[in-house]
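J.: Here you go, one structure.
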Amino acid sequence: EKKYEKTLEKTNKSFGARFNAFLANFRSVDEAFFEDLEETLIMSDVGADLAMKISEELRQEARLVNAKNTDQLRNLIIEKLVDTIDQENLVKELKLKKVGLSVILFVGVNGAGKTTTIGKLSARFKAQGKKVLLAAGDTFRAGATNQLVEWAKRSGLETVTGRDGGDPASVVFDAMQRAKNEGFDVLLIDTAGRLQNKDNLMAELAKIRKIIQRELPEAPHETLLVLDASTGQNAVSQAREFSKVTPISGIVLTKLDGSAKGGIVLSIIQSLKIPIKLVGLGEKIDDLADFDEEFFVRGLFK
Ligand code: GDP
(Lines give C-alpha, C1' and ligand atoms only; values in the text may rest on other atoms or scores of the structure.)
Protein backbone atom coordinates (compact mmCIF):
# COMPACT_ATOMS: atom_id res chain seq x y z
CA GLU A 1 0.00 0.00 0.00
CA LYS A 2 2.85 2.37 0.89
CA LYS A 3 4.48 1.73 -2.42
CA TYR A 4 1.17 2.18 -4.25
CA GLU A 5 0.87 5.56 -2.58
CA LYS A 6 4.36 6.61 -3.51
CA THR A 7 4.27 5.53 -7.12
CA LEU A 8 0.95 7.20 -7.71
CA GLU A 9 2.48 10.52 -6.76
CA LYS A 10 2.76 11.75 -10.34
CA THR A 11 -0.82 10.91 -11.07
CA ASN A 12 -1.84 12.61 -7.86
CA LYS A 13 0.14 15.71 -8.61
CA SER A 14 -1.51 16.43 -11.90
CA PHE A 15 -5.03 15.27 -11.17
CA GLY A 16 -4.96 16.36 -7.54
CA ALA A 17 -3.06 19.58 -8.22
CA ARG A 18 -5.56 20.53 -10.90
CA PHE A 19 -8.47 19.84 -8.59
CA ASN A 20 -6.92 21.49 -5.62
CA ALA A 21 -6.15 24.59 -7.70
CA PHE A 22 -9.65 24.47 -9.03
CA LEU A 23 -11.13 24.24 -5.55
CA ALA A 24 -8.77 26.93 -4.24
CA ASN A 25 -10.17 29.32 -6.83
CA PHE A 26 -13.65 28.52 -5.69
CA ARG A 27 -15.90 31.52 -5.27
CA SER A 28 -19.43 30.25 -5.59
CA VAL A 29 -21.29 27.29 -6.98
CA ASP A 30 -22.36 28.98 -10.18
CA GLU A 31 -22.37 28.15 -13.87
CA ALA A 32 -18.67 28.99 -14.24
CA PHE A 33 -17.88 26.56 -11.44
CA PHE A 34 -19.38 23.61 -13.31
CA GLU A 35 -17.78 24.62 -16.58
CA ASP A 36 -14.39 24.72 -14.88
CA LEU A 37 -15.10 21.40 -13.22
CA GLU A 38 -15.89 19.79 -16.55
CA GLU A 39 -12.75 21.29 -18.07
CA THR A 40 -10.63 19.99 -15.19
CA LEU A 41 -12.03 16.49 -15.64
CA ILE A 42 -11.33 16.54 -19.37
CA MET A 43 -7.76 17.71 -18.79
CA SER A 44 -7.32 14.77 -16.43
CA ASP A 45 -8.28 12.43 -19.27
CA VAL A 46 -11.70 11.53 -17.95
CA GLY A 47 -13.14 11.82 -21.47
CA ALA A 48 -15.58 14.49 -22.67
CA ASP A 49 -18.85 12.55 -22.39
CA LEU A 50 -18.16 11.24 -18.93
CA ALA A 51 -16.84 14.63 -17.77
CA MET A 52 -20.12 16.17 -18.85
CA LYS A 53 -22.14 13.46 -17.12
CA ILE A 54 -20.19 13.79 -13.88
CA SER A 55 -20.41 17.57 -13.73
CA GLU A 56 -24.11 17.44 -14.60
CA GLU A 57 -24.81 15.00 -11.76
CA LEU A 58 -22.69 17.04 -9.39
CA ARG A 59 -24.62 20.14 -10.36
CA GLN A 60 -27.82 18.45 -9.12
CA GLU A 61 -26.22 17.11 -5.98
CA ALA A 62 -24.45 20.32 -5.03
CA ARG A 63 -27.77 22.16 -5.28
CA LEU A 64 -29.53 19.46 -3.33
CA VAL A 65 -27.20 19.67 -0.35
CA ASN A 66 -26.67 23.40 -0.88
CA ALA A 67 -22.89 22.95 -0.87
CA LYS A 68 -21.08 26.10 0.16
CA ASN A 69 -17.49 25.37 1.00
CA THR A 70 -14.53 23.68 -0.64
CA ASP A 71 -14.38 20.71 1.73
CA GLN A 72 -17.98 19.88 1.05
CA LEU A 73 -17.41 20.14 -2.68
CA ARG A 74 -14.21 18.10 -2.56
CA ASN A 75 -16.04 15.31 -0.72
CA LEU A 76 -18.91 15.44 -3.18
CA ILE A 77 -16.49 15.15 -6.09
CA ILE A 78 -14.57 12.27 -4.51
CA GLU A 79 -17.79 10.39 -3.75
CA LYS A 80 -19.00 10.92 -7.27
CA LEU A 81 -15.77 9.62 -8.81
CA VAL A 82 -15.72 6.54 -6.57
CA ASP A 83 -19.40 5.90 -7.38
CA THR A 84 -18.72 6.28 -11.05
CA ILE A 85 -16.23 3.45 -10.83
CA ASP A 86 -18.16 1.39 -8.27
CA GLN A 87 -21.58 1.39 -9.85
CA GLU A 88 -20.42 -0.90 -12.58
CA ASN A 89 -20.13 -3.64 -9.96
CA LEU A 90 -17.37 -5.33 -11.86
CA VAL A 91 -15.49 -8.27 -10.37
CA LYS A 92 -11.90 -7.18 -9.85
CA GLU A 93 -10.41 -10.40 -8.52
CA LEU A 94 -8.66 -12.71 -10.94
CA LYS A 95 -10.82 -15.77 -11.58
CA LEU A 96 -8.40 -18.52 -10.71
CA LYS A 97 -9.26 -22.10 -9.88
CA LYS A 98 -8.55 -23.35 -6.40
CA VAL A 99 -7.64 -26.76 -7.77
CA GLY A 100 -6.39 -27.60 -11.23
CA LEU A 101 -4.96 -25.55 -14.06
CA SER A 102 -5.83 -21.88 -14.61
CA VAL A 103 -4.90 -20.28 -17.91
CA ILE A 104 -4.34 -16.53 -18.31
CA LEU A 105 -4.02 -15.09 -21.79
CA PHE A 106 -2.38 -11.67 -22.19
CA VAL A 107 -3.17 -9.39 -25.11
CA GLY A 108 -2.25 -5.78 -25.95
CA VAL A 109 -0.15 -3.72 -28.33
CA ASN A 110 3.64 -3.89 -28.33
CA GLY A 111 5.19 -1.84 -25.60
CA ALA A 112 2.07 -1.79 -23.40
CA GLY A 113 3.82 -3.94 -20.80
CA LYS A 114 2.58 -7.50 -21.39
CA THR A 115 5.90 -9.26 -20.88
CA THR A 116 6.73 -7.17 -17.82
CA THR A 117 3.30 -7.81 -16.29
CA ILE A 118 3.65 -11.56 -16.85
CA GLY A 119 7.05 -11.39 -15.16
CA LYS A 120 5.62 -9.60 -12.14
CA LEU A 121 2.45 -11.69 -11.85
CA SER A 122 4.28 -14.98 -12.21
CA ALA A 123 6.57 -13.95 -9.36
CA ARG A 124 3.51 -13.23 -7.22
CA PHE A 125 2.00 -16.65 -8.00
CA LYS A 126 5.30 -18.35 -7.30
CA ALA A 127 5.47 -16.62 -3.92
CA GLN A 128 1.97 -17.97 -3.20
CA GLY A 129 3.34 -21.46 -3.68
CA LYS A 130 1.77 -22.08 -7.07
CA LYS A 131 3.40 -24.11 -9.80
CA VAL A 132 3.72 -21.62 -12.66
CA LEU A 133 4.48 -22.05 -16.37
CA LEU A 134 4.98 -19.32 -18.98
CA ALA A 135 4.34 -19.52 -22.73
CA ALA A 136 6.25 -17.20 -25.08
CA GLY A 137 3.44 -16.73 -27.60
CA ASP A 138 4.86 -13.47 -28.93
CA THR A 139 7.02 -14.98 -31.65
CA PHE A 140 6.59 -11.86 -33.78
CA ARG A 141 8.57 -9.22 -31.89
CA ALA A 142 12.28 -10.03 -32.00
CA GLY A 143 13.57 -10.53 -28.48
CA ALA A 144 10.17 -10.94 -26.85
CA THR A 145 10.87 -14.61 -26.10
CA ASN A 146 14.24 -13.86 -24.52
CA GLN A 147 12.75 -11.09 -22.45
CA LEU A 148 10.12 -13.47 -21.08
CA VAL A 149 12.69 -16.19 -20.41
CA GLU A 150 14.75 -13.66 -18.44
CA TRP A 151 11.77 -12.77 -16.26
CA ALA A 152 11.01 -16.45 -15.72
CA LYS A 153 14.59 -17.21 -14.69
CA ARG A 154 14.50 -14.46 -12.12
CA SER A 155 11.68 -16.30 -10.34
CA GLY A 156 13.07 -19.75 -11.08
CA LEU A 157 10.26 -20.55 -13.52
CA GLU A 158 10.15 -22.32 -16.86
CA THR A 159 9.01 -21.00 -20.23
CA VAL A 160 7.73 -22.87 -23.26
CA THR A 161 9.26 -21.18 -26.31
CA GLY A 162 9.21 -21.40 -30.11
CA ARG A 163 11.44 -19.86 -32.76
CA ASP A 164 11.23 -16.11 -33.48
CA GLY A 165 8.82 -15.78 -36.38
CA GLY A 166 7.40 -19.25 -35.69
CA ASP A 167 3.76 -20.22 -35.19
CA PRO A 168 2.48 -18.94 -31.82
CA ALA A 169 -0.30 -21.54 -31.91
CA SER A 170 2.22 -24.36 -31.68
CA VAL A 171 3.90 -22.71 -28.68
CA VAL A 172 0.49 -22.48 -27.01
CA PHE A 173 -0.29 -26.10 -27.85
CA ASP A 174 3.02 -27.29 -26.36
CA ALA A 175 2.47 -25.15 -23.28
CA MET A 176 -1.06 -26.48 -22.72
CA GLN A 177 0.16 -30.06 -23.03
CA ARG A 178 2.95 -29.49 -20.55
CA ALA A 179 0.80 -27.57 -18.14
CA LYS A 180 -1.77 -30.38 -18.07
CA ASN A 181 0.63 -33.30 -18.03
CA GLU A 182 2.94 -31.90 -15.39
CA GLY A 183 0.30 -30.59 -13.01
CA PHE A 184 0.92 -26.85 -13.25
CA ASP A 185 -1.45 -24.52 -11.38
CA VAL A 186 -1.15 -21.48 -13.63
CA LEU A 187 -0.16 -20.97 -17.24
CA LEU A 188 0.49 -17.38 -18.37
CA ILE A 189 0.50 -16.88 -22.14
CA ASP A 190 2.15 -13.92 -23.87
CA THR A 191 0.92 -12.92 -27.35
CA ALA A 192 1.97 -10.55 -30.13
CA GLY A 193 0.04 -7.29 -30.33
CA ARG A 194 -0.12 -6.15 -33.91
CA LEU A 195 -3.16 -3.94 -33.90
CA GLN A 196 -2.09 -2.46 -37.26
CA ASN A 197 -3.18 -5.69 -38.91
CA LYS A 198 -6.50 -6.37 -37.27
CA ASP A 199 -7.53 -9.32 -39.44
CA ASN A 200 -4.29 -11.16 -38.73
CA LEU A 201 -4.50 -10.38 -35.05
CA MET A 202 -8.08 -11.57 -34.86
CA ALA A 203 -7.26 -14.77 -36.73
CA GLU A 204 -4.21 -15.42 -34.56
CA LEU A 205 -6.01 -14.83 -31.26
CA ALA A 206 -8.97 -16.92 -32.40
CA LYS A 207 -6.63 -19.77 -33.26
CA ILE A 208 -4.85 -19.49 -29.91
CA ARG A 209 -8.16 -19.53 -28.02
CA LYS A 210 -9.32 -22.54 -30.00
CA ILE A 211 -6.22 -24.50 -29.11
CA ILE A 212 -6.49 -23.53 -25.44
CA GLN A 213 -10.16 -24.58 -25.39
CA ARG A 214 -9.53 -27.83 -27.19
CA GLU A 215 -7.11 -28.75 -24.41
CA LEU A 216 -9.22 -27.32 -21.59
CA PRO A 217 -12.80 -26.31 -22.52
CA GLU A 218 -13.32 -23.83 -19.65
CA ALA A 219 -10.08 -21.94 -20.42
CA PRO A 220 -8.79 -19.27 -20.74
CA HIS A 221 -9.96 -18.34 -17.25
CA GLU A 222 -8.85 -14.77 -17.84
CA THR A 223 -8.02 -12.80 -20.96
CA LEU A 224 -6.22 -9.71 -19.71
CA LEU A 225 -5.81 -6.68 -21.94
CA VAL A 226 -2.67 -4.75 -21.04
CA LEU A 227 -2.94 -0.98 -21.56
CA ASP A 228 -0.38 1.79 -21.11
CA ALA A 229 -1.98 4.49 -18.90
CA SER A 230 0.45 7.12 -20.17
CA THR A 231 -1.14 6.97 -23.64
CA GLY A 232 -4.27 8.62 -22.25
CA GLN A 233 -7.43 8.42 -24.33
CA ASN A 234 -5.51 6.33 -26.85
CA ALA A 235 -5.65 3.48 -24.34
CA VAL A 236 -9.44 3.68 -24.43
CA SER A 237 -9.55 3.38 -28.21
CA GLN A 238 -7.08 0.50 -28.10
CA ALA A 239 -9.35 -1.26 -25.64
CA ARG A 240 -12.32 -0.73 -27.95
CA GLU A 241 -10.37 -2.18 -30.87
CA PHE A 242 -9.19 -5.17 -28.89
CA SER A 243 -12.61 -6.01 -27.55
CA LYS A 244 -13.73 -6.28 -31.17
CA VAL A 245 -11.08 -8.89 -31.95
CA THR A 246 -11.24 -11.00 -28.78
CA PRO A 247 -13.28 -11.30 -25.56
CA ILE A 248 -11.59 -9.46 -22.66
CA SER A 249 -12.22 -10.33 -19.01
CA GLY A 250 -10.06 -7.71 -17.37
CA ILE A 251 -7.59 -4.90 -17.85
CA VAL A 252 -4.07 -4.42 -16.56
CA LEU A 253 -3.29 -0.71 -16.55
CA THR A 254 0.48 -0.25 -16.66
CA LYS A 255 2.76 2.75 -16.15
CA LEU A 256 0.38 4.40 -13.74
CA ASP A 257 3.54 5.54 -11.97
CA GLY A 258 4.44 7.70 -14.94
CA SER A 259 0.95 8.71 -15.93
CA ALA A 260 0.17 12.37 -15.59
CA LYS A 261 -3.54 11.79 -16.03
CA GLY A 262 -5.27 9.38 -13.69
CA GLY A 263 -8.68 10.14 -15.15
CA ILE A 264 -8.05 7.43 -17.71
CA VAL A 265 -9.08 4.91 -15.05
CA LEU A 266 -12.63 6.30 -14.98
CA SER A 267 -12.77 6.57 -18.72
CA ILE A 268 -11.87 2.93 -19.26
CA ILE A 269 -14.30 1.51 -16.73
CA GLN A 270 -17.19 3.69 -17.85
CA SER A 271 -16.84 3.31 -21.56
CA LEU A 272 -15.87 -0.35 -21.70
CA LYS A 273 -17.51 -1.89 -18.64
CA ILE A 274 -14.45 -4.06 -18.21
CA PRO A 275 -12.86 -4.19 -14.75
CA ILE A 276 -9.33 -2.99 -14.16
CA LYS A 277 -7.88 -5.96 -12.27
CA LEU A 278 -4.24 -4.99 -11.85
CA VAL A 279 -2.13 -1.87 -12.11
CA GLY A 280 1.54 -1.55 -13.03
CA LEU A 281 3.44 0.94 -10.89
CA GLY A 282 7.00 0.63 -12.18
CA GLU A 283 9.46 -1.61 -13.95
CA LYS A 284 10.49 -3.77 -11.00
CA ILE A 285 9.24 -7.22 -10.14
CA ASP A 286 7.06 -6.10 -7.22
CA ASP A 287 5.65 -3.02 -8.97
CA LEU A 288 2.26 -4.64 -9.50
CA ALA A 289 -0.85 -4.06 -7.38
CA ASP A 290 -4.52 -5.03 -7.29
CA PHE A 291 -6.73 -2.16 -8.30
CA ASP A 292 -8.71 -0.44 -5.55
CA GLU A 293 -10.98 2.41 -6.69
CA GLU A 294 -11.60 4.01 -3.32
CA PHE A 295 -7.89 4.11 -2.59
CA PHE A 296 -7.15 5.32 -6.10
CA VAL A 297 -9.61 8.21 -6.12
CA ARG A 298 -8.79 9.35 -2.58
CA GLY A 299 -5.14 9.24 -3.55
CA LEU A 300 -5.79 11.65 -6.39
CA PHE A 301 -6.88 14.34 -3.98
CA LYS A 302 -4.11 14.05 -1.43
P1 GDP B 1 5.16 -5.66 -24.29
O2 GDP B 1 5.67 -5.33 -25.66
O3 GDP B 1 3.68 -5.40 -24.18
O4 GDP B 1 5.51 -7.02 -23.83
O5 GDP B 1 5.82 -4.59 -23.29
P6 GDP B 1 7.06 -4.76 -22.29
O7 GDP B 1 6.67 -5.64 -21.16
O8 GDP B 1 8.27 -5.12 -23.06
O9 GDP B 1 7.18 -3.29 -21.70
C10 GDP B 1 7.56 -2.18 -22.48
C11 GDP B 1 8.32 -1.19 -21.62
O12 GDP B 1 7.47 -0.65 -20.61
C13 GDP B 1 9.50 -1.80 -20.88
O14 GDP B 1 10.57 -0.90 -20.91
C15 GDP B 1 8.98 -1.98 -19.45
O16 GDP B 1 10.02 -1.91 -18.49
C17 GDP B 1 8.06 -0.80 -19.33
N18 GDP B 1 6.97 -1.02 -18.34
C19 GDP B 1 6.09 -2.04 -18.27
N20 GDP B 1 5.22 -1.87 -17.24
C21 GDP B 1 5.57 -0.72 -16.63
C22 GDP B 1 5.04 0.03 -15.48
O23 GDP B 1 4.06 -0.33 -14.82
N24 GDP B 1 5.68 1.20 -15.18
C25 GDP B 1 6.75 1.65 -15.90
N26 GDP B 1 7.31 2.81 -15.52
N27 GDP B 1 7.26 1.00 -16.96
C28 GDP B 1 6.69 -0.17 -17.32
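The values are calculated or read from the model by the stated rules, or taken from the named source; none is laboratory data. Just so you know, these numbers come straight off a predicted model, no measurement behind them. Note that we place each Cβ from the backbone using ideal geometry, even for glycine, and neighbour counts take in every protein chain shown.
J.: If a residue has to be among the polar types (S, T, N, Q) and part of a strand (DSSP E or B) to count, how many in the stretch 218-231 make the cut? Lay out the reasoning, then the answer.
T.: Residues of the stretch 218-231 that are among the polar types (S, T, N, Q), as a first pass: 223, 230-231.
Those left that are additionally part of a strand (DSSP E or B): 223.
Residues meeting the conditions: 1.
J.: Checking residue 112 against (1) within 16 Å of the ligand (Cβ to nearest atom); (2) part of a helix (DSSP H, G or I); (3) small (Gly, Ala, Ser), which test does it fail?
T.: (2)
J.: Would the stretch 62-76 turn up any residue that is under 13 Å from residue 33 (Cβ atoms) and at pLDDT 85 or above?
T.: yes
J.: All but one of (1) more than 19 Å from residue 230 (Cα to Cα); (2) of a type in the set (Val, Ile, Thr); (3) within 16 Å of the ligand (Cβ to nearest atom) hold for residue 99, so report the exception by its number.
T.: The one condition residue 99 does not meet is (3).
J.: Which residues, taken from the stretch 232-281, are modelled with pLDDT of 85 or more, part of a helix (DSSP H, G or I), surrounded by fewer than 24 Cβ atoms within 10 Å (Cβ to Cβ) and not aliphatic (A, V, I, L, M)?
T.: Hits for the stretch 232-281 are 234, 237, 238, 240, 241, 243, 244.
J.: Could you tell me whether residue 97 is of a type in the set (Lys, Arg), touching a helix residue (DSSP H, G or I) at 6+ places or on another chain (Cβ under 9 Å) and either surrounded by 21 or more Cβ atoms within 10 Å (Cβ to Cβ) or modelled with pLDDT of 90 or more (or both)? Give the steps one after another, and end with the answer.
T.: Details: of a type in the set (Lys, Arg): yes; touching a helix residue (DSSP H, G or I) at 6+ places or on another chain (Cβ under 9 Å): no; either surrounded by 21 or more Cβ atoms within 10 Å (Cβ to Cβ) or modelled with pLDDT of 90 or more (or both): yes.
Against the criterion (of a type in the set (Lys, Arg), touching a helix residue (DSSP H, G or I) at 6+ places or on another chain (Cβ under 9 Å) and either surrounded by 21 or more Cβ atoms within 10 Å (Cβ to Cβ) or modelled with pLDDT of 90 or more (or both)), residue 97 does not qualify.
J.: Now a separate question. Take the residues of the stretch 117-133 that are under 17 Å from residue 250 (Cα atoms) and within 11 Å of the ligand (Cβ to nearest atom): which is nearest to the chain's Cα centre (by Cα)?
T.: Here the answer is 117.
J.: Applying the selection to the stretch 134-160, what residues are away from the ligand (no atom under 16 Å from the Cβ) and within 19 Å of residue 204 (Cβ to Cβ)?
T.: Answer for the stretch 134-160, where residues must be away from the ligand (no atom under 16 Å from the Cβ) and within 19 Å of residue 204 (Cβ to Cβ): just 160.
J.: Exactly one condition in (1) of a type in the set (D, E, K, R); (2) crowded, with 23+ Cβ neighbours inside 10 Å; (3) part of a helix (DSSP H, G or I) is false for residue 190; which is it?
T.: Residue 190 satisfies all of (1) of a type in the set (D, E, K, R); (2) crowded, with 23+ Cβ neighbours inside 10 Å; (3) part of a helix (DSSP H, G or I) except (3).
J.: Can you find, within the stretch 43-78, the residue that is surrounded by the most Cβ atoms within 10 Å (Cβ to Cβ) among those that are outside any helix (DSSP H, G or I) and charged (D, E, K, R)? Explain how you work it out, then say what you get.
T.: Of all residues in the stretch 43-78, those outside any helix (DSSP H, G or I) come to 44-47, 66-69.
Narrowing further to those that are charged (D, E, K, R): 45, 68.
Values: 45: 26, 68: 12.
Taking the candidates together, the pick is 45.
J.: Right, something else. Just checking, which of 118, 85 is β-branched (Val, Ile, Thr), surrounded by 16 or more Cβ atoms within 10 Å (Cβ to Cβ) and within 30 Å of residue 27 (Cβ to Cβ)?
T.: Values: 118 fails: within 30 Å of residue 27 (Cβ to Cβ).
Answer to the check: 85.
J.: Looking for whichever is surrounded by fewer than 21 Cβ atoms within 10 Å (Cβ to Cβ) and of a type in the set (D, E, K, R) here; the options are 204, 294. Which one fits?
T.: After ruling out the rest, the residue left standing is 294.
J.: Right, here's the next one. Can you find even one residue in the stretch 163-186 that is assigned to a strand (DSSP E or B) and touching a helix residue (DSSP H, G or I) at 6+ places or on another chain (Cβ under 8 Å)?
T.: The first filter runs over the stretch 163-186 and keeps only residues assigned to a strand (DSSP E or B), leaving 186.
Filter again for touching a helix residue (DSSP H, G or I) at 6+ places or on another chain (Cβ under 8 Å), leaving 186.
Yes - at least one qualifying residue is present in the stretch 163-186.
J.: Hey, can you tell me all the residues within the stretch 77-116 that are of a type in the set (Asp, Glu) and in contact (Cβ under 8 Å) with a residue 40 or more places away in the chain? I'd like the intermediate steps shown before the answer.
T.: Of all residues in the stretch 77-116, those of a type in the set (Asp, Glu) come to 79, 83, 86, 88, 93.
Correct list: 86, 88, 93.
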